[in-house]
Every structure is written in structure tokens, then in C-alpha cells.
Amino acid sequence: MITSKLPEVGTTIFSVMTALANEVGAVNCSQGFPDYPIDPVLESTLQEAAREQVHQYAPMPGLLELRERVAEKYQRVFHTTVDPVHEVTIAPGGTAALSCAIAAVVRAGDEVIVFEPNYDSYGPAIRVVGGTVCVSQLAPPLYRPQWDHVRSLINERTAMIIINSPHNPSGAVLTAEDLDILASLVRDTRIVVLSDEVYELITFDGVQHQTVAAHEELRERSFVVTSFGKTFHVTGWKVGACVAPPALTQEFRKVHQFFNFSVNTPTQVALSRYMEDASRYQGLGEFFTAKRDLLRSELEGSLWTIRPCSGSYFQLLGYEGISNEHDVEFARRLTHEAGVALIPLSPFVEGGVWSDRVLRCCFAKKDDTLREAARRLRSVTRQSSE
């Protein structure tokens with residue numbers, strides 16, 4: 001028998017809660033996928049691409065026309081120049097891109113600083129290549145980085161710092177000042193930054209996403225990961241991209257060509273054509289603002305507390321006025337008894353313990369789904385005894 005490289009890893013909480021929701025017929029606001037149809041124009045564009053017999057391998061870095069659309073997006077939205085030939089690589093989803101970037105840089109014995117709570121693929125991807133996870137906790141309720149603590153973690157073994165903004169699961173967004181502080185911390189070191197920006201176009205209330213790709217100092221030492229699935233509501237297509245300077249892109253592609261080689265061609269053709277009209281992604285913030293605000297308004301007067309949410313399509317809901325249960329236990333009971341599946345935060349944390357009593361609600365759902373979820377959540381009452 002083999003000795004597991006990831007002995008502590010089981011089935012992800014996303015799969016667990018979705019399976020439970022399906023089992024009991026609950027409203028599923030747990031896993032981060034839309035339940036509404038995609039744009040019919042995008043659907044027909046994919047069908048047209050399929051009829052053109054574009055079914056063989058795409059170039060390893062991705063179709064040039066799709067990489068050009070990515071570069072155009074960065075110019076239009078973030079006013080920064082990206083070279084589509086030497087700085088953009090298409091990957092089979094954001095998670096695969098994150099894993100490739102980690103594998104390209106992190107060696108056995110290296111340390112990687114991550115912020116908790118975080119997307120649960122980071123830790124396993126680091127450990128499987130022999131790296132060590134070093135944790136800095138984000139401070140609730142605003143889920144802000146504690147930069148002095150990050151500074152204390154940096155040493156000669158630190159190879160990478162992973163950031164995520166807009167943040168999953170909290171909805172917090174890093175500021176320009178945050179990026180300046182990060183730049184000062186990694187200056188004159190070998191540290192590479194991996195910036196998970198899959199929700200880059202989803203921000204609210206006038207908050208602007210600060211991409212590392214536009215930061216004068218950080219961009220030369222950073223991988224930036226983005227996701228077409230999150231942007232165009234097609235999470236099942238599993239198409240993402242990595243933007244990095246040429247030297248890092250070269251290392252990324254060395255791994256990518258053996259991990260993935262290439263991404264399925266018809267979706268790349270469809271996405272490249274669809275993105276020719278920039279309006280199809282520039283209104284994403286307004287689209288999700290309406291959904292966030294609908295969920296919040298429907299929960300007014302309930303026992304749930306509404307935490308700040310400046311970006312992503314996740315809203316944290318506090319249950320401190322309802323129960324003292326561990327969040328996983330409470331989430332399971334909520335699914336069974338109230339018929340709503342939400343995601344607990346402790347699986348996003350090393351050791352599975354998180355003091356902030358909150359659950360994550362995905363609001364990338366039809367309005368009727370959100371209204372029904374809120375109706376059921378409003379019926380939840382305070383536990384009389386623990």
C-alpha cells in the first residue's frame with residue numbers, strides 16, 4: 001500500500017453540501033455555481049464553433065485569439081498592457097492554473113504564506129509538491145490582512161505568498177494600499193506572488209478591484225489567475241487563464257504542458273468570439289449587485305446578521321444569534337431542517353476551527369431561488385438550549 005501524500009484530505013465541503021442538498025431537496029446556495037441559463041448568444045456561439053469541426057488540440061498556451069481577448073480586457077478594464085503571446089496562458093479552470101503556478105515555483109522545503117480562511121485547493125497544491133503552508137488569519141468581521149503578522153512569517157525559506165481578491169469566502173477586497181504593503185514586504189526577496197483574481201469583475205458599492213497585473217512593482221514577480229467560468233456563468237466549461245511576466249510564464253508553461261497540455265478547443269473559439277463585445281463582461285458588477293441586495297433585503301428582520309461584502313458572489317451570514325454549534329454541524333442541520341444548503345467556513349481553515357460563526361451563501365442564483373432561500377432562512381429560530 002502507498003503512503004498518502006495528502007492523508008488529511010477527504011471530499012471537499014462543496015461536494016459534501018451539494019450532495020446533501022440534492023439528497024434532502026434543499027435550496028442549494030452552497031457551491032459557487034449559477035442556477036440560471038447562460039447567455040443564449042454564448043450558447044449559440046459554442047454550437048457554431050462545434051459545427052466548424054474545431055475538435056483537435058489547441059496550441060499549448062491557448063488559442064491566440066482568446067489570449068488577445070484577455071489582453072484587451074486588461075487594457076479596457078484595468079488600463080494595463082498585457083502581452084498575449086508571452087504573458088497569457090489558457091488553463092483548464094482557475095484551480096488548475098493555481099496548481100500549475102504553485103508547482104512551477106515551490107520546491108520541497110519551501111514555505112508558502114496563505115491567508116485564512118481560503119479556497120481549499122491552496123494547501124493541498126502546496127503540500128503535494130513538498131511545500132509547507134504558513135498561515136496568516138484574516139481578521140473578521142472585515143476579513144482584513146494582518147500585515148505585521150505576515151512580515152513575521154517571512155524568512156529565507158518563503159517562496160510564495162498567495163492572495164485572493166475579491167475574496168472567497170468573505171467577499172472582502174484588497175485595496176491599493178494593501179498591494180503597496182505587500183510590495184514592500186517582498187521587495188529584495190525571492191518571493192513570488194500568486195494572486196487569485198477569479199472574481200475580478202465582481203465588486204460593489206464603488207469599490208474597484210486592484211489587480212496585481214497593474215501594480216508597477218508586483219506585476220514582475222506575480223502570477224495572476226482569472227476564470228472565464230466565473231465571468232460568463234459557465235463554471236462547467238472549466239476554462240481559466242494565467243497572466244504573468246515572460247519569465248514566470250515560461251516556467252508556468254513548462255508545468256502546464258505536462259499537467260494539462262491544452263484546453264478544449266470549441267470553448268476557446270466560442271469565448272474568443274463572445275468577448276469581442278466588451279459589454280458582455282463589463283456589467284458584471286451591476287448584475288451581481290442586484291442579486292446581493294435582493295438577498296439582503298429578503299433577510300431583513302431575520303436572526304441572521306449580514307456581514308460586509310465588497311466583491312465576489314458570496315455573502316457571509318452570521319448565526320451568532322441562532323446557535324453556538326460548530327459551523328459544519330450547524331450547516332448540516334440547517335440543510336435538513338430548514339431546507340437550505342450553505343457552506344461553513346471551518347473547512348477553509350487549517351485544523352478546521354474558525355471562531356467567527358458565519359456561513360457562506362452563494363447569491364449567483366435565480367431571483368426566485370434567492371427569495372425561496374431567504375424565506376426558509378427567515379424561519380430559522382434561536383436554539384433554546386445547546
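If a spin label sat at a point 7 angstrom from the Cα of Leu142 along the line to its beta carbon, the backbone N atoms of the stretch 305-338 nearer than 16 Å would be those of 307-311. Between Glu23 and Ser379, what's the calculated FRET efficiency when r is the beta-carbon distance and R0 is 22 Å? Round to 0.05. Result of the calculation: an efficiency of 0.60.
A dipole drawn for the stretch 166-208 from +1 and -1 charges on Cβ atoms has a positive end, and of Gly206, His167, Val192 the residue lying farthest that way is Val192.
Averaged over residues, the count of other Cβ atoms within 10 Å places the peptides 269-280, 162-173 in the sequence 162-173, 269-280, highest first. When the GluC sites (Glu not before Pro) in the stretch 52-138 are filtered for DSSP coil states and for at most 14 other beta-carbon atoms within 10 Å of their beta-carbon, the remaining sites are Glu52. Checking the Cα-Cα distances for Lys291/Lys366; Lys73/Lys366; Lys73/Lys230; Lys291/Lys365 against a 19 Å cut-off, the pairs over it are Lys73/Lys366.
Please work out the C-alpha center-to-center distance from the stretch 59-90 to the stretch 207-244 and express it in whole Å. Computed from Cα coordinates, the inter-centre distance equals 11 Å.
Calculate, for Asp180 and Thr132, the FRET efficiency according to 1/(1 + (r/R0)^6) with r their C-beta to C-beta distance and R0 41 Å; round to the nearest 0.05. Taking R0 as 41 Å, the efficiency between Asp180 and Thr132 is 0.90.
Beta bridges from DSSP with both residues in the chain: antiparallel share about 50 percent, rounded to the nearest 5.
How much length is gained on full extension from Gln75 to Ala290, taking 0.36 nm per residue of separation minus their Cα-Cα distance?
Extending this stretch completely gives an extra 74.8 nm.
Averaged over residues, the count of other Cβ atoms within 10 Å places the peptides 229-236, 322-329 in the sequence 229-236, 322-329, highest first.
Using just its DSSP H runs of length 4 or more, each adding -39500 (n - 2.57), the chain gives a mean residue ellipticity at 222 nm of -11500 deg cm²/dmol after division by all residues.
For the stretch 56-277, the share of DSSP beta bridges that are antiparallel, to the nearest 5, is 30%.
The simple spin-label model puts a point 7 Å past each Cα toward its Cβ; for Val9 and Asn155 those points are separated by 2.5 nm.
Summarising the strand pairing of the stretch 187-313, around 55 percent of its internal DSSP beta bridges are antiparallel.
A DSSP coil position with no more than 16 other Cβ atoms inside 10 Å describes the following trypsin sites (Lys or Arg not before Pro) in the stretch 63-164: Arg107, Arg157.
Values quoted throughout were computed directly from the atomic coordinates according to the rules given, and no laboratory measurement underlies them. Just so it is clear, the model here is predicted, and its values are computed rather than measured. Please note: Cβ atoms are built from the backbone with ideal geometry, for glycine as well, and neighbour counts cover all protein chains shown.
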